[in-house]
Amino acid sequence: MKRILVLCFMALPFVAAADDLQSRQQASAAAIKEFGGKLKGELERAMKEGGPAQAIEVCNKVAPNIALEQSQKTGWKVGRTSLKNRSGANAPDAWETRVLQAFEERKAKGEAVDNLAFSEVVEQDGKKAFRFMKAIPTGEVCLKCHGEAIDPDIAGKIDTLYPGDKARGFRLGDIRGAFTITQPM
């Protein structure tokens, strides 16, 4: 009996750690849902009011502010990234690059883009951090600015706002990028 109690007490930190990770995953998913929902709403409004040209303005000016608001609200680093990013400010770090490449491999094996998520505790600058990413699927409306055949006027506006743009040539259902969160521990 004494041995069982000792083993139970020894297991408590592992159970607590697992609960903490699950809680962090759920909180990250909720923050991404809020970020994605706000961004999608702004993009839909812009598309209705002014088409792709106005939607580009949302991605350029509004999306960073939504990410900043989420970051301030949560105390975490909240953003978007992609292997083919439009803005250098959203370029993936080494960890994000590995996760995005793993997402591509998982998609190639048949996993649905909507289900692609990954989390891990990592060490950054000598401190532990919880990292979480959730893939962003390329939808039909995304193709107007990120597809293979972009209207020349829209392409010109993209070139003006994003001189180093690499976010073109996507097809429906591709991994457009991912929402990314870093939580200090």
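Which residue is surrounded by the fewest Cβ atoms within 10 Å (Cβ to Cβ), if the candidates are limited to the stretch 97-137 and must be out of contact with any Leu (no Cβ under 9 Å at 6 or more places or on another chain) and acidic (Asp, Glu)? It comes out as Asp125. Can you go through Arg168, Arg131 and tell me which one is farther than 26 Å from Leu21 by Cα, touching an Asp or Glu at 6+ places or on another chain (Cβ under 9 Å), touching a residue at least 24 places away in the same chain (Cβ under 8 Å) and not aromatic (Phe, Trp, Tyr)? The conditions single out Arg168.
Can you tell me which residue within the stretch 63-92, out of those that are farther than 26 Å from Arg24 by Cβ and crowded, with 17+ Cβ neighbours inside 10 Å, is modelled with the highest pLDDT? Break it down into steps so the answer makes sense when it comes.
Step one: filter the stretch 63-92 for residues farther than 26 Å from Arg24 by Cβ, giving 84, 86-88.
Subset that is crowded, with 17+ Cβ neighbours inside 10 Å: 86-87.
Numbers: Arg86: 94, Ser87: 91.
Looking at the filtered set, the residue picked out is Arg86.
With respect to being part of a helix (DSSP H, G or I), at negative phi, at pLDDT below 95 and aliphatic (A, V, I, L, M), Ala17 fits the description.
The values are calculated or read from the model by the stated rules, or taken from the named source; none is laboratory data. Values in this document were obtained by computation on a predicted structure and should not be read as measured data. Neighbour counts are summed over all protein chains in view; Cβ atoms, including those assigned to glycine, are modelled from backbone coordinates with ideal geometry.
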